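A short reminder: the numbers here are calculations on the coordinates, not readings from a lab. Everything quoted here is computed from the prediction, not taken from an experiment. Don't worry about glycine lacking a Cβ; one is built from the backbone with ideal geometry, like all the others, and counts go over all protein chains shown.
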């Protein structure tokens, strides 16, 4: 009934449609993997941790508070605020606030109140205030478009 040429083109059309469907399915699975499992489209964040080790009893509160981040980071802003005041007023005056005008040095570990190379106080002449015990604080860090925050309290 059908000529050989017509039969061959029908088989070829079927194989082309099958290949196209298989390629679309593979592309769909690859897209699902990239979006859900790769982390490429998740916002980047700086993970912050802290430790408080007062090795000498005569040190003032907060001077031995050490912070660390998951990888060496060039901060553009670093700010510490009392958490209770921040929750009621987002414009609360920070107890420590550093900014970078150009290029700060990459740091992985730093101390509360430390002068980080390449950063300066947001207000000239204002230094880090002494932290109080049993008061929760929140640290905000910015490194370009990457942001992070960490709550801590001295005991």
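Relative intensity of the stretch 57-155 on a log10 scale, I(q)/I(0) at q = 0.10, 0.12, 0.21 Å⁻¹, equals -0.25, -0.37, -1.16, per a Debye sum over C-alpha point scatterers of equal strength in the absence of solvent.
From most to least packed by mean Cβ count within 10 Å, the peptides 81-93, 137-149, 102-114, 24-36 give 137-149, 102-114, 81-93, 24-36. The label point for residue 123 and the one for residue 17, both projected 7 Å from the Cα toward the Cβ, are 7.4 nm apart.
Note on residue 26 and residue 64: the extension gain reaches 8.2 nm, defined as 0.36 nm multiplied by sequence separation minus the Cα-Cα distance. Ordered by the count of other Cβ atoms within 10 Å of each Cβ, fewest first, 100, 38, 64 give 38, 64, 100.
Extension gain, residue 77-residue 135: 0.36 nm per intervening residue step, less the Cα-Cα distance, totals 18.6 nm.
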